[in-house]
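Okay, structure first, notes after.
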Amino acid sequence: MIITVDGPAASGKGTLARRLARHYGLPHLDTGLLYRGVGYLLLERNRALDDATTAEAIAQSLDLTKLDADALRADRISEAASYVAAMPGVRAALLKMQQDFARQPGGAVLDGRDTGTVIAPEAEAKLFVTASPEERARRRHVELATRREPTEYCEVIADIRKRDERDSERSVAPLKPAPDAVLLDTTQLDIEAAFRAAIAIVEATRAGRARS
Ligand code: DC
């Protein structure tokens, strides 16, 4: 079974995808880490964020196992990731690896922005996880404080809005729900309630497919 979990930054999709993967015994890929990896290496090489040629070359030889996932999740990498994610050459270079991951025997859980629309449109269950920008900023603010990267709330929400705009308005693979995705708004839900809702969505989708 392939399960895709898409949605904007700090919607809770990563946590839900990890928990769904554990629940169903499936491998999990956080596709955002790929774009973060490209952004990270671009910054490390002191390249401009709009250097698409270098970003594409980095994407073609990206090996996530050589990078520290925790360092990739740092706030300074978020903006770089959002820039390189808008580059068609970077997305094309990362496509096959994501598709191979999704199509491995037994299936997989993938989370990101386009996993249900572009990477695995054939997925059995698709979730589109959202929350209000204010709630997502509140969560990210808490997360940054926990990571010892204290930031003002007003900066976090401005950054969330900027990234939402860039992710939604880019010409290639913009952030949008797949037509057959089920929307899960986690604004009022804690992680346990969101997880129960996610399981219910996956089970209902499976039951619906079994009937048809
Ligand atoms: O989910 P995240 O914050 O780790 O994602 C980092 C950036 O990568 C974000 O700006 C959106 C982009 N991204 C994307 O365009 N497509 C994906 N499948 C995953 C992430």
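None of Glu192, Glu165, Glu203 is over 21 Å from Thr4 (Cβ atoms) and at pLDDT 95 or above except Glu192. Applying the criterion of being touching a residue at least 12 places away in the same chain (Cβ under 8 Å) and among the basic types (Lys, Arg) to the residues of region 171-212, the residue that is surrounded by the fewest Cβ atoms within 10 Å (Cβ to Cβ) is Arg209. For beta carbons closer than 6 Å, sequence separation of 6+ or different chains, a first residue in region 112-127 that is under 15 Å from Met97 (Cα atoms) and a second that is near the ligand (Cβ under 9 Å from one of its atoms) and assigned to a helix (DSSP H, G or I), the qualifying pairs are Gly112/Gly32; Ile119/Gln98. From the list Val84, Val109, Val90, the lone residue that is within 14 Å of the ligand (Cβ to nearest atom), among the hydrophobic types (A, V, I, L, M, F, W, C), closer than 19 Å to Asp164 by Cβ and under 16 Å from the mean Cα position of the chain (by Cα) is Val84.
Of all residues in region 172-191, those satisfying the criterion of being away from the ligand (no atom under 12 Å from the Cβ) and farther than 16 Å from Ser11 by Cβ are Pro179, Asp180. Scanning region 50-74 for residues that are more than 10 Å from the ligand (Cβ to nearest atom) and either among the charged types (D, E, K, R) or more than 29 Å from Leu26 (Cα to Cα) (or both) yields Asp50, Asp51, Ala52, Thr53, Thr54, Ala55, Glu56, Ala57, Asp63, Lys66, Asp68, Asp70.
Of all the criteria given as (1) surrounded by 14 or more Cβ atoms within 10 Å (Cβ to Cβ); (2) within 23 Å of Arg76 (Cα to Cα); (3) not β-branched (Val, Ile, Thr), the one not satisfied by Pro150 is (1).
Contact map, region 87-98: first residue farther than 10 Å from Ile119 by Cα, second residue of a type in the set (Asp, Glu) and surrounded by fewer than 21 Cβ atoms within 10 Å (Cβ to Cβ), Cβ cut-off under 7 Å, separation 6 or more or different chains; pairs are Met87/Glu56; Gly89/Glu56; Val90/Glu56; Ala93/Glu56.
Rundown of residues vs (1) within 14 Å of Arg73 (Cβ to Cβ); (2) within 14 Å of the ligand (Cβ to nearest atom); (3) touching a residue at least 12 places away in the same chain (Cβ under 8 Å), yes/no style:
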| site | (1), (2), (3) |
| --- | --- |
| Thr4 | no, yes, yes |
| Gly7 | no, yes, yes |
| Gly12 | no, yes, yes |
| Arg19 | no, no, yes |
| Arg22 | no, no, no |
| Leu29 | no, yes, yes |
| Leu34 | yes, yes, yes |
| Val38 | no, yes, yes |
| Asn46 | no, no, no |
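The values are calculated or read from the model by the stated rules, or taken from the named source; none is laboratory data. Computed from a predicted model, the values in this text were never measured in an experiment. Glycine gets a Cβ as well: all are built from the backbone with ideal geometry, and neighbour counts include every protein chain shown.
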